[in-house]
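Peer 1: Can you keep this structure in mind? I'll have questions shortly.
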Amino acid sequence: MSNPQKNLQNFINDLTSVFINRKAEVHILATALIAEENAVLVGPHGTSKSLLVDCFAEALDGNFFQYLITRFTTPDELFGHFSLKQLKDNDEYIRKYQNKLPDANVAFLDECFKASSSLQNSLLTILNERAIDLGNGTRQKTDLQMVVGASNEYPFADSSLLALWDRWLFRRHVGRLKKSKDIWRVMTDQSLGKCSSILSMDDINEIRKLRDQVDLTPIKDFIEQIYAYTKQKDIDVSGRRWRKIAKVIKTRAAMDGRSAASAKDLRILSEILWNRPEQRDDLTAFLSGLCSGDLKAAMSIYDKLKAMIENTDMDRLTDIQRTNQQCKVLIEQLSDLDDSDPEVLTYQEKCTSLSDGFIRSYTRTVQGL
């Protein structure tokens, strides 16, 4: 890896460490930034969506704009007002967008699906084309690189929002914490949401240069299989989104320091291809079965570990010691797998739990002999 790639990985690790069970979300935001695409986080209130984006944006050295959208929000609040002086002196509508959305490098739109129809129309252009209408008949490109949206609700109840929904390439459902042991950290850990790392725009731009050189040829057959799956399952993926997906796959390879794409880069598509939540689980399972050798390896290790422990004769010290050594070997193998896949992470945790339980039994048995 080059220094920019190492800096990115360190930034991801540091940001992940100050949140609980948000590793996938951090990876998605980092990927979206390098790919220059948009991401939306959908889930119940109080799941740290806003805090995560704020912390992510503060670690960048670019301009950041954020706004809480309501059904009364007007386009001028996001895009800037029209200059009265220009209207009076030159009879022209010229938008003043300094310190507004078009002036930012990264933006966060909270409750993005509450936008009115007039605001939706204005958002479509800047989300897809990174341009704004100045008001005098001209359209101007902006320096906006990434927009993150957040919502407590999906937009499916209002068909007028579906065009806006399509503009978010990355779609991540953010759920509540499931493990009781995490609650104590929520209550007492003062470091949560406080990341000291800084990721420079120079590093980001260097990784983008490497991204543009990544070879997609090794995954051509996989892509054709994935496309056939989406057609079979009636998952509608527009040509525009497939075009953007190519850049995302290149981004994932470049982030890992590789010049050619591989099957592991396709896992991120489980956060892109689905349109409705009920499609997500089946799509994730298909991509895991098709592309994830790490997931298959994790499942195999879990099966071996479980059978080995169940078949251990706890009355024979030599048998216990042999199993203990084999547990260490299998757990070491698990550590080499890519835990950015939530399913791989789940099996890693299950294996660790099995191993820890056996070690406790092993210790008690040895002490009793």
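Peer 1: Looking at Phe72, Phe56, Phe11, can you tell me which residue is at pLDDT 90 or above, hydrophobic (A, V, I, L, M, F, W, C) and not in a helix (DSSP H, G or I)?
Peer 2: Phe72 is the lone residue from the list that is at pLDDT 90 or above, hydrophobic (A, V, I, L, M, F, W, C) and not in a helix (DSSP H, G or I).
Peer 1: Identify all residues within the stretch 99-129 that are assigned to a loop (DSSP other than H, G, I, E, B) and closer than 14 Å to Ile69 by Cβ; write none if there are none.
Peer 2: Step one: of the stretch 99-129, the residues assigned to a loop (DSSP other than H, G, I, E, B) are 99-100, 104-105, 111, 115-116.
Lys100, Glu111, Ala115, Ser116 - these are the residues of the stretch 99-129 that are assigned to a loop (DSSP other than H, G, I, E, B) and closer than 14 Å to Ile69 by Cβ.
Peer 1: Given the criterion closer than 26 Å to Arg276 by Cα and either touching a Cys at 6+ places or on another chain (Cβ under 6 Å) or open to solvent by 60 Å² or more (accessible area, probe 1.4 Å) (or both), identify the matching residue among Gly46, Gly137. Full working, then the answer.
Peer 2: Working: Gly137 fails: closer than 26 Å to Arg276 by Cα.
Every option except Gly46 fails the conditions.
Peer 1: A follow-up question, please. For the stretch 260-288, which positions are free of Cβ contacts under 8 Å to residues at least 40 places away in the same chain and open to solvent by 40 Å² or more (accessible area, probe 1.4 Å)? It would help to see each step written out before you state the result.
Peer 2: Going residue by residue through the stretch 260-288, those that are free of Cβ contacts under 8 Å to residues at least 40 places away in the same chain are 270, 278, 281, 285.
Correct list: Glu278, Asp281, Ala285.
Peer 1: Right, next: Note down all Cβ pairs under 7 Å where the first residue falls in the stretch 200-216 and is farther than 18 Å from Ser259 by Cβ, the second is open to solvent by 70 Å² or more (accessible area, probe 1.4 Å) and in a loop (DSSP other than H, G, I, E, B), and they're at least six residues apart or on different chains.
Peer 2: Between residues of the stretch 200-216 that are farther than 18 Å from Ser259 by Cβ and residues that are open to solvent by 70 Å² or more (accessible area, probe 1.4 Å) and in a loop (DSSP other than H, G, I, E, B), the close pairs are Ser200/Asp61; Met201/Asp61.
Peer 1: Using beta carbons and a limit of 8 Å, which pairs, at least six apart or on different chains, have the first residue in the stretch 11-34 and open to solvent by less than 10 Å² (accessible area, probe 1.4 Å) and the second one of a type in the set (D, E, K, R) and not in a helix (DSSP H, G or I)?
Peer 2: Cβ pairs passing all conditions: Glu25/Arg172; Ile28/Arg172.
Peer 1: Also, I was wondering about something else. Can you find a residue that is without any contact (Cβ under 8 Å) to a residue 12 or more places away in the chain and in contact with a Pro (Cβ under 9 Å, 6 or more places away or on another chain) anywhere in the stretch 123-137?
Peer 2: yes
Peer 1: Checking Glu111 against (1) touching a His at 6+ places or on another chain (Cβ under 9 Å); (2) open to solvent by 20 Å² or more (accessible area, probe 1.4 Å): exactly one of these is not met. Which one?
Peer 2: Going through the list (1) touching a His at 6+ places or on another chain (Cβ under 9 Å); (2) open to solvent by 20 Å² or more (accessible area, probe 1.4 Å), Glu111 breaks only (1).
Peer 1: Which members of the stretch 245-302 meet the condition of being over 25 Å from Leu161 (Cβ atoms) and within 14 Å of the chain's Cα centre (by Cα)?
Peer 2: Ile249, Thr251, Arg252, Met255, Asp265, Leu266, Arg267
Peer 1: Moving on to the next point. Give the residues of the stretch 161-216 that are in a helix (DSSP H, G or I), open to solvent by less than 60 Å² (accessible area, probe 1.4 Å) and out of contact with any Leu (no Cβ under 8 Å at 6 or more places or on another chain), sorted by residue number.
Peer 2: Scanning the stretch 161-216 gives Leu161, Trp165, Asp166, Asp182, Arg208, Arg211.
Peer 1: So is Gly62 of a type outside the set (A, V, I, L, M, F, W, C), open to solvent by 60 Å² or more (accessible area, probe 1.4 Å) and touching a residue at least 60 places away in the same chain (Cβ under 8 Å) or not?
Peer 2: No: the conditions fail for Gly62.
Peer 1: Report, by residue number, each residue of the stretch 217-244 that is surrounded by 11 or more Cβ atoms within 10 Å (Cβ to Cβ) and either among the hydrophobic types (A, V, I, L, M, F, W, C) or at positive phi (or both).
Peer 2: Result: Ile219, Phe222, Ile223, Ile226, Ile235, Val237, Trp242.
Peer 1: Gln86 - would you say it is touching an Asp or Glu at 6+ places or on another chain (Cβ under 9 Å), more than 19 Å from Leu134 (Cα to Cα) and either open to solvent by less than 60 Å² (accessible area, probe 1.4 Å) or not aromatic (Phe, Trp, Tyr) (or both)?
Peer 2: Criteria not met by Gln86.
Peer 1: Is it the case that Asp143 is within 22 Å of Ala32 (Cβ to Cβ), open to solvent by less than 70 Å² (accessible area, probe 1.4 Å), modelled with pLDDT of 90 or more and of a type in the set (Asp, Glu)?
Peer 2: It is false that Asp143 is within 22 Å of Ala32 (Cβ to Cβ), open to solvent by less than 70 Å² (accessible area, probe 1.4 Å), modelled with pLDDT of 90 or more and of a type in the set (Asp, Glu).
The values are calculated or read from the model by the stated rules, or taken from the named source; none is laboratory data. All values reported here derive from a predicted model rather than from experimental measurement. With ideal geometry, Cβ positions are generated from the backbone for all residues, glycine too; neighbour counts draw on all protein chains shown. Ligands, DNA and RNA are excluded from the accessible area calculation, which covers all protein heavy atoms including side chains. Shrake-Rupley method; radii C 1.70, N 1.55, O 1.52, S 1.80 Å.
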